[in-house]
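Q: What follows is a structure written as structure tokens; I'll ask about it next.
Taken together, the values in this text are just the output of simple stated rules run on the coordinates, not laboratory data. Keep in mind it's a predicted model, so treat the numbers as computed, not measured. Cβ atoms come from the backbone with ideal geometry, glycine included; neighbour counts cover every protein chain shown.
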Amino acid sequence: METLKLKYPAIANYIGGQFIPFTGKALDVQSPISGEVISTVPLSGSNDLHLAVEKAKAAWPAWAAMPVKERVQVFYRYKTLMEKHLDELSRLVQEENGKTFEEAKAEVEKSIELTEFACSLPQLISGELLEVSRGVECRVDHKPLGIVASIAPFNFPHMVPHWTIPNAIALGNCMILKPSEQVPLSAVKIANMLKEAGLPDGVFNVVNGDREIVEAICDHPDITAVSFVGSTKIAKVVYRRATDNLKRCVALGGAKNHLIVLPDAHPDMTASNVTASMSGCAGQRCMAASAMMAVGEVDHIVQKIAEEAKKIIPGKNLGAVISKAAKERIERYISEAEAAGAKVLVDGRNCIVPGKEDGFYVGPTVIDYVQPDMAIAKEEVFGPVLAIVRTKDLDEALRIENDSTYGNAASVFTQSGGAARQVMERASAGMVGVNIGVPVPREPFSFGGWNESKFGVNDITGKSSIEFWTRLKKTSVKWNPEAKVNWMS
């Protein structure tokens, strides 16, 4: 039988600066755009991880000993390479994830910004020095942890790895990346470009796989810290398992982000922002608007949102969802809400894109009169779906928001400073927006939610991540024996 030639070579693990051919069990990699199998990805085991850890351990002493100002030179060069190959990287993200090209390009541009922040780390970890007593000085320095791991999701195959790679490595750690088995292609380019930028072999490694390799990362005694981004269900498992093995862990889970729309909100700005938040990246982002609290008389804004949603065309300005199973799950949420009495204003079910009939598309969907106890109002749908819940006042809207088990993001649309301040103070979310549909902080501010959207301390990006990826060394020094002795010296 003739072997089918795939668009991309079979994915290999990247260990010790080399791609190592894999002969074990592998999974097909499908492009959500067409449903076509474009590559295969290895299902690695604990032995593969152990080899990566050993290579990282061999590389770590020299890398950790290098001054941080020298380490970040790699990332200056790496940033330049990403800028040079921006379109190529964007096309790869588009093909493996299903985003539009513009969304994929924005994702890679965010990776560039994250790398740029890492280049500033020498100025942020310069340490503290204080004369604490006559002739006695104390200083504090940030020191690397050792071997760390990053477990990334499917929805941002290039950006989310860059939430961790530049900072963790620039701070002196060696890293093992476990990309999602659904989107392993971008990790290959990341590895190649880091090597081209001059990163020493063994400092960055990629081990592919599924649940087995995640469990192996949580269990490996030489891995000191683990970051995870994915569903809340799995985030809890990873956090418990990693910390049970005495590792540091920050695990980001899912979200149910509430956008509160008040009657005085600017209609056009609100409609465009809410619709873009709901449908961007096909709704497959933990900052997407998925529940809108319609406060009081806002029918005019709801109508404009429905009109804006109808301008979003699958295959043109709306990308695919990740898989057939995801498409079926999203459409099931819509059908269940409709059966329970909600009103579907814009229906994205049974969507087929001409020429891409085997792709996985869900059209933009707006559902009104959703009740707070419906599954679509409480659970993460992860698709281009907006559930509108009617509330009589801001207090009721905030009660519903506060009752959510999640706590990633919340936004309010209003022209009232007083109402905005109430939401800013009372929303149970780690990231809050005013007249902003996707309130993602820019560097140096950090990304991270509350409640069941995040487990662990510190955030995964920005200044907060420094504390996660380093440990403090405190040194006290006295050289002058003639100085007066007191309880501090």
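Q: Rounding to the nearest 10 and keeping the result within 0 to 90°, find how far the Cα-based axis of helix 324-339 lies from the longest principal axis of the chain.
A: That works out to roughly 50 degrees.
Q: Further question on the same structure: For the chain, take the longest principal axis of its alpha carbons; what is the angle in degrees between that and the long axis of helix 86-97, to the nearest 10 within 0 to 90?
A: Approximately 60 degrees, to the nearest ten.
Q: Moving on. Helix-only estimate, please: 222 nm mean residue ellipticity of the chain, summing -39500 (n - 2.57) across DSSP H runs of length 4 or more and dividing by its residues, to the nearest 500.
A: -12000 deg cm²/dmol
Q: Expressed as a whole percent, how much of the Cα-Cα distance distribution for segment 257-434 exceeds 27 Å?
A: Looking at segment 257-434, the distances longer than 27 Å represent 20 percent of pairs.
Q: Right, here's the next one. Multiply the residue separation of TYR76 and ASP299 by 0.36 nm, subtract the distance between their alpha-carbon atoms, and state the gained length in nm to one decimal.
A: This chain segment gains 75.2 nm when fully extended.
Q: Taking segment 327-436, which trypsin sites (Lys or Arg not before Pro) meet the DSSP loop condition and have no more than 13 other C-beta atoms within 10 Å?
A: LYS392
Q: Count neighbours as other Cβ atoms within 10 Å of each site's Cβ, and list the trypsin sites (Lys or Arg not before Pro) in segment 1-88 that are DSSP loop with at most 13 such neighbours.
A: Loop-located and lightly packed - LYS5, LYS7, LYS25.
Q: Same structure, new question: When the label point is put 7 Å from the Cα of MET269 along its Cα-to-beta-carbon vector, which residues of segment 394-416 have a backbone N closer than 16 Å?
A: 411-416
Q: A further question on this structure: Can you work out the FRET efficiency for the pair SER335 and ALA106, with r the C-beta to C-beta distance and R0 = 45 Å, to the nearest 0.05?
A: FRET efficiency, SER335 to ALA106: 0.90.
Q: For GLN123 and ASP373 in one chain, what is 0.36 nm times their gap in residues minus the Cα-Cα distance, to one decimal in nm?
A: 85.1 nm
Q: Mind giving me the FRET efficiency for LYS392 and ILE352? R0 is 35 Å, r the Cβ-Cβ distance, nearest 0.05 is fine.
A: For R0 = 35 Å, the calculated efficiency reads 0.30.
Q: Report, to the nearest 10°, how far helix 232-244 tilts away from the longest principal axis of the Cα atoms in the chain, using its own Cα long axis and a range of 0 to 90°.
A: Result, in degrees: 20.
Q: Taking H placed 1.01 Å from N in the peptide plane, check which residues at least 5 places from MET292 or on another chain put their amide H under 5 Å from its amide H.
A: The answer is LEU259, ALA387, ILE388, VAL389.
Q: Test of the criteria: in segment 222-311, which trypsin sites (Lys or Arg not before Pro) are in a DSSP loop and have at most 14 other Cβ atoms within 10 angstrom of their Cβ?
A: Counting only loop positions with at most 14 other Cβ atoms within 10 Å, the trypsin sites (Lys or Arg not before Pro) in segment 222-311 are LYS310, LYS311.
Q: What relative contact order, as a whole-number percentage, does segment 187-304 give when Cα pairs under 8 Å and 6 or more residues apart are counted?
A: Once normalised by length, the contact order is 19 percent.
Q: Could you give the size of the charge dipole of segment 1-89 about its Cα centre, using +1 on the Cβ of each K and R and -1 on the Cβ of each D and E, expressed in debye and rounded to the nearest 20?
A: Its charge dipole is roughly 400 debye.
Q: Considering only segment 257-434, what is the antiparallel percent among its DSSP beta bridges, to the nearest 5?
A: 15 percent
Q: Here is the link list: LYS311/LYS378; LYS324/LYS378; LYS304/LYS463; LYS69/LYS189; LYS57/LYS84; LYS233/LYS356. Which ones come out longer than 29 Å on Cα distance?
A: LYS304/LYS463; LYS57/LYS84; LYS233/LYS356
Q: With an 8 Å cut-off on Cα pairs and a minimum separation of 6 or more residues, tell me the relative contact order of segment 257-434 in percent.
A: Result for segment 257-434 is 29 percent.
Q: Here's something else I'd like to know. Expressed as a whole number of Å, what is the distance separating the alpha-carbon centroids of segment 187-257 and segment 325-389?
A: Each part reduced to its Cα centre gives a spacing of 31 Å.
Q: Among bridges DSSP assigns within the chain, what percent are antiparallel (round to 5)?
A: The antiparallel proportion sits near 40 percent.
Q: Pull out the extension gain between PHE445 and LEU86, defined as 0.36 nm times the separation in residues minus the alpha carbon to alpha carbon distance; nm, one decimal.
A: Computed gain between PHE445 and LEU86 is 126.8 nm.
Q: At R0 = 25 Å, how high is the FRET efficiency between GLU54 and ASP219 if r is their beta carbon distance? Nearest 0.05 is fine.
A: Between GLU54 and ASP219 the formula returns 0.95.
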